[in-house]
Amino acid sequence: MTHGRLSPFLRQRLLVLLAGNLVLLIAIAFTMKQGGSFTDVLTRCGPNVAPVILAGLGMTGIICTGAIDLSIASIIVVAGTVFGVLVDRQWPPLPCFAACVATAWSLSACNGLLIRNLKMPAIIITLAGLALYRGLALILADLAIPNFGGSLNIQHESYHAPGKQFASAILLATLVGAFVWEWFASTPRRWLALGSSEEACRLAGLDPRSIRQSAFVVGGLFLGIAALIYVTQIQFIEPARLALGFELQVIGAVILGGTNIFGGEGSYAGTALGALFLYFTAQWMTYAGISPYFQEAITGALIIGVIGMDCALHRNRKRLEELA
Amino acid sequence: MAQSLLQLRAVEKSFVGTRALKPLNLSLVQGEVLGLIGENGAGKSTLIKLLSGVHSPDAGTIEWQGRSVHFSSPHDAINAGIATIHQELAYCGHLTVAENLLLGEPWPRHRWGGVDWTLLHARAATQLARCHLEIPTTRTFSDLTAAQKQEVAIARALNRDARLLILDEPTASLSAPEVERLFAHLNRLRTQGVAILYVSHRLDEILNLTNRVAVLRDGKLVASYPTHEATVSRMVKDMVGRPLEQVYPRSRSYRKAAPLLELEGATREGMFENISFQLHAGEILGLAGLVGAGRSELARAIYGLYPCDTGTMRLKGNPWSPRSPDESLDAGMVYLPEERKRQSLVLDHSVRDAISIGFSDLFTRWGMIRAQEEQSAITNAMRTYDVRAKTVTQPIGTLSGGNQQKAILARWLERKPDIILLDEPTRGVDVGAKAEIHQLIDKLAGSGRAVLLISSDLPEVLSMSDRILVMHHGSIAAELHGDAMTQENVMLAASGLHHANR
C-alpha cells in the first residue's frame with residue numbers, strides 16, 4: 001500500500017477478518033465428521049458464496065458514496081423471472097444469461113437515475129423498489145406464462161452452467177477485475193470523496209449526483225453477475241419467495257468488511273473477506289451440529305463481537321500513537 | 001490602466017424573508033487586492049457565495065473579463081478562473097492529502113487508462129512544495145491539524161491558476177509565521193496579475209495586504225477607498241455606523257456586588273486559555289471578540305458541556321466543576337446558545353411546549369405534569385417576557401426571530417436563574433425586537449441576576465455592558481471599563497493589536 005490508500009482502520013479490519021477466516025477454516029477441519037472432505041468444503045465455497053460477494057462489491061461502491069440499495073434482492077427476482085420466462089420460451093442458454101445480467105444491470109441503473117432525478121434519498125427510493133420490483137416480477141411471470149403456478153422450472157442442465165460449473169471461475173475473474181478497477185480507476189475514489197463530504201465535492205467543481213449515479217451503474221454490473229449465478233443454481237424460480245432477505249446478508253458482509261455505513265470508507269477486499277467470514281461461520285455451525293434455532297443468534301453475536309473487538313484494538317492503537 | 005476583471009452591477013440576493021444583499025456595485029481590476037470588511041451578517045459571505053457559484057444572484061449582472069456571466073455551480077466559477085477558500089473548510093476526511101488537493105481536477109493517468117498514483121502524489125508534492133509546505137501527501141486528511149488543513153486548502157486554491165482568488169477569513173486558524181507565509185504567496189500572486197478579494201475581521205491584515213477597502217453594512221456597500229487613506233478607526237466607523245438611540249436602553253446603574261461566578265486561569269486546550277474574571281450579581285459583563293476567538297467555547301465550558309483542562313471555577317463561592325448542564329440548571333445557571341434554530345428550539349413544537357420544556361419538571365409528580373399550574377406558569381412567562389403569539393399551540397418556528405428568542409428567555413424564568421449566559425442573543429433579530437430583548441436583559445440585571453453577554457454586535461456590547469472583556473485567540477486581550485469602552489478599543493483588542501489592559 002505504497003500510496004497510503006487504505007486507511008489504518010481498513011487495513012486492520014482486513015487483517016482481523018483474514019485471521020478470523022483462518023480460525024474458522026481450522027475449526028471446520030477439526031469439527032468435521034468422519035467421511036466429510038475438507039477439499040469439498042473449499043470447492044463448494046465458491047459457488048455458495050459468489051452471489052453474496054458479487055452483490056457485495058456493487059453494494060460496497062454504493063454505500064461508500066453514502067447511499068444504499070435495499071432493492072437488490074427484488075432486482076435479482078426480476079432478473080431471474082426474465083431468465084425463467086426466456087427459458088420457458090426455449091431461447092438458447094447464452095441469450096438467456098445475457099438477458100438476466102442486462103435486466104439486473106438496467107434496474108440498478110434505473111435506481112440511480114430515479115435517485116438523481118427525483119432528488120430523494122437512496123434508502124427511500126430503493127425501499128419502494130424492494131416492493132415494486134418483486135411485484136413487477138410476479139406480474140411479468142403471470143402475463144408471460146399461461147397458467148403460471150408460482151414457480152418457473154429450469155430443467156435442462158445447460159442453463160445451470162454459470163451457477164454450477166463456472167461460479168468459482170466467474171467469481172475469481174470478477175474479483176480480480178474489481179481489484180484492478182479499485183486500484184487504478186479514479187471513480188472509486190470519487191465515491192469515497194462523495195461519501196466523506198458532498199459539500200467538498202461540490203465546491204471542488206464535481207457533480208455529486210453524477211458520482212452517486214455512477215456507483216449504481218457500476219454496482220448494477222456486479223449485481224447482474226451475482227443474479228446470473230444466483231438464479232442458475234436453482235431449479236425452481238419462485239418470484240414470490242426467491243432471495244428473501246438477501247439484501248441484509250449482503251449489507252452485513254459489506255459492513256463487516258469495514259465499509260462505513262455512512263460512506264467515505266470501504267474496500268472490495270473487506271467485503272469479500274466479510275462475506276467469507278459469514279459463510280464459514282454458518283458452515284462451522286452446521287458441522288459442529290449447532291441447532292439451526294441457535295444459528296441466527298450466534299451469527300448476530302459474532303458480527304457484534306468482531307466489529308467490537310476491532311474497534312477496541314483500533315482505539316488502543318490510536319491511544320498508543322498519541323502517546324508516542 | 002489595469003484591465004477591469006470583475007464588475008458587479010446592481011447584484012441582489014435574498015433568502016427566505018431577509019435581504020442579504022441590496023443592489024450592490026463593485027469592481028476589481030487585475031492585480032488588485034480588495035479588502036472586504038463588515039460586521040457579521042453584513043453580507044460578505046453571501047457576496048462570496050455569489051462569486052464562487054454556490055448561489056446565483058436574484059437580480060443584477062456579474063461581468064467577468066468584460067462578459068456577462070452566470071455561474072450555475074462552483075464548477076463554472078472554477079473553470080472561469082475564480083478560486084475560493086471558504087471560511088468553513090469542506091474536505092474529504094477519509095481521503096489522502098494528495099487526493100484532496102487534486103479533487104475536481106483530472107488525475108494523471110497511465111497510457112492504458114489507469115490512474116498514475118506515483119505521478120499524482122508527485123504532482124501534489126510539487127504543489128505543496130511551491131507553497132513551502134512539508135506535509136506527506138499520503139497522510140489521511142482527517143489526521144492533519146487545523147492549520148495544516150487550512151494550508152492545504154490554500155495550496156489547492158493557489159494552484160488552480162486562478163485569475164481571481166477569494167479568501168474568506170483564511171487566517172482564522174493560522175499562527176503568525178503561517179500568516180506571513182500566506183501573505184508572501186499572495187504578494188507574489190499579485191505581481192503575477194492575479195486579483196485577490198480578501199475578507200477578514202482582522203483590520204491589521206487588511207491594512208498590510210490590500211490596495212483598496214470596501215465596507216459592507218446591512219447588505220449594502222457603504223464605503224470604498226484606497227487602503228492608504230484607511231485607518232482602523234475609519235474602517236470601524238464605516239462598519240458599525242448605525243443609529244444607537246433607543247435600541248440600547250439603560251435604566252439601572254450598577255453598583256459592585258458579591259461575585260457569583262469566578263474563573264481563575266481556566267484553560268481548555270485548543271479553545272481558550274488562562275481565562276480569569278469575576279461576574280457579579282446585577283452586572284452585565286460583555287464578552288467581545290471575533291468569531292472563533294473562543295467566547296462560545298468558554299460559555300459552554302462554564303455551563304458544563306465540557307470540562308476545563310486546568311484552572312478553577314467558583315460558583316457563589318463554592319468550587320464549580322459541572323459534569324453536565326443538569327447541574328448548572330440546578331445551581332441556577334442558564335445558557336442561551338448562539339444558534340437559536342439548531343441549538344435551542346424544536347421548530348415544530350408548539351409555543352406552549354417550547355416554553356414549558358424549561359420548567360415542566362418543577363410541576364411534575366409521578367411523571368405527570370400538573371397541567372393547570374403549568375398553564376398558569378406559561379401564561380405568566382409569556383406576559384412577563386412579552387412573547388407575542390396568536391395561540392399557544394402554534395409551532396414556535398412560525399414566530400419571528402425576536403419572539404422566538406423571548407420565548408427561550410421565558411422558558412428559564414420559572415427557574416429563577418441567578419446567572420444567565422447569553423450567546424449572541426439578538427443575532428438575526430430585527431431592530432424592534434432587539435430593543436425589547438435589550439430591555440429584558442437590562443431588567444434581569446436590575447433584579448440582581450448576573451449576565452454574561454457574548455455578542456459580536458459592537459454597539460450592543462458597548463451600550464449594554466457594565467464592563468467588557470475582549471477575547472483574541474482564546475485568551476482575554478483586554479478588559480475595558482467606563483470611558484475605555486469604545487468601538488476602536490474593542491476592535492483593536494479583538495484584532496490582537498491591543499495588549500495593554502486599560
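Read-outs throughout are calculated quantities, based only on the coordinates presented, and are distinct from any laboratory measurement. Source: prediction; values computed, not measured. For neighbour counting, all protein chains shown are included, and Cβ atoms are generated from backbone atoms with ideal geometry for every residue, glycine included.
When each of B:Asp326, B:Asp238, B:Asp457, B:Asp204 is scored by the number of other beta-carbon atoms lying within 10 Å, the sequence from fewest to most is B:Asp326, B:Asp204, B:Asp238, B:Asp457.
The alpha carbon convex hull volume per residue for region A:133-261 rounds to 137 Å³.
Within chain A, the whole DSSP H helices whose Cα atoms reach 20 Å or more along their own axis and whose mean Kyte-Doolittle score is at least -1.0 are A:8-31, A:38-64, A:72-88, A:93-118, A:122-144, A:167-184, A:208-231, A:268-287, A:292-323. Pairs of Cα atoms in region B:345-416 fall into 5 Å distance bins, from 0 up to the last occupied one, in shares of 3, 19, 31, 25, 14, 5, 1, 0 percent. Pairs spanning more than 27 Å between alpha-carbon atoms, out of A:Lys119/B:Lys406; B:Lys316/B:Lys434; A:Lys119/B:Lys434; B:Lys256/B:Lys443; B:Lys22/B:Lys237: A:Lys119/B:Lys406; B:Lys316/B:Lys434; A:Lys119/B:Lys434.
Spherically averaged projected area of the convex hull of Cα atoms, the protein assembly as shown: 43.6 nm².
Other chains near B:66-75: what is the mean number of their Cβ atoms within 10 Å of each residue's Cβ? Provide the component values of the computation, followed by the final result.
Details: counts 0, 0, 0, 0, 0, 0, 0, 5, 7, 6.
Per-residue shielding by partner chains comes out at 2.
Exposed loop sites are taken as GluC sites (Glu not before Pro) in a DSSP loop (any state but H, G, I, E or B) with at most 15 other beta carbon atoms within 10 Å; the longest stretch of chain B without one runs B:340-502. What net charge do the residues around B:Gln7 carry, taking every other residue with its C-beta under 14 Å from that of B:Gln7, with Lys and Arg at +1 and Asp and Glu at -1? Result for the local shell: +1. For region A:8-323, a simple Cβ point-charge model (Lys and Arg +1, Asp and Glu -1, everything else neutral) yields a dipole of about 420 debye relative to the Cα centre. A Cα-only calculation for region B:4-240 places Rg and Dmax at 18.3, 62 Å. Take each residue of peptide A:194-201, count the partner chain Cβ atoms within 10 Å of its Cβ, and average: the result is 6. Cross-link partners of B:Lys44 among aspartates and glutamates, defined as those whose alpha carbon lies under 15 angstrom from its own and excluding same-chain residues fewer than eight positions apart: B:Glu12, B:Glu88, B:Asp168, B:Glu169, B:Asp218, B:Asp238.
How do B:His473, B:His438 line up, fewest other C-beta atoms within 10 Å first?
Ascending number of Cβ neighbours within 10 Å: B:His473, B:His438.
In terms of its Cα atoms, region A:8-323 spans 72, 61, 34 Å along the principal axes, sorted from long to short. Averaged over peptide B:97-109, the number of partner chain Cβ atoms lying within 10 Å of each residue's Cβ comes to 4.
Shown for B:Cys308, A:Cys311, A:Cys100: other C-beta atoms within 10 Å of each C-beta, ranked fewest to most, produce the order A:Cys311, B:Cys308, A:Cys100. Of all beta bridges that DSSP places with both ends in chain B, some 55 percent have antiparallel geometry.
What number comes out for the charge environment of A:Ile115, summing +1 per Lys or Arg and -1 per Asp or Glu over other residues with Cβ under 10 Å away?
Here the count lands on +3.
For region A:204-324, state the average projected area of the convex hull of the C-alpha atoms over all orientations, rounded to one decimal in nm². Computed as one quarter of the Cα hull surface, the answer is 11.8 nm². Other residues within the sphere of radius under 14 Å centred on the Cβ of A:Asn48, judged by their own Cβ, net out at +1 (K and R +1, D and E -1).
When only the Cβ of Lys, Arg, Asp and Glu is charged (+1, +1, -1, -1), the dipole of the protein assembly as shown relative to its Cα centre reaches about 620 debye.
Beyond 33 Å, what percent of the Cα pairs of chain B remain? Each step should come with its number before you reach the end.
Numbers: 58705 of 125751 pairs.
I get 47 percent for the Cα pairs in chain B exceeding 33 Å.
Distance from the alpha carbon centroid of region B:74-121 to that of region B:208-239 works out to 35 angstrom. Each listed q (0.10, 0.12, 0.14, 0.18 Å⁻¹) maps to a log10 I(q)/I(0) for region A:45-164 from the Debye sum over equal C-alpha point scatterers, namely -0.34, -0.49, -0.66, -1.00.
Relative contact order for chain B: 15 percent, from Cα pairs under 8 Å spaced at least 6 residues apart, divided by residue count.
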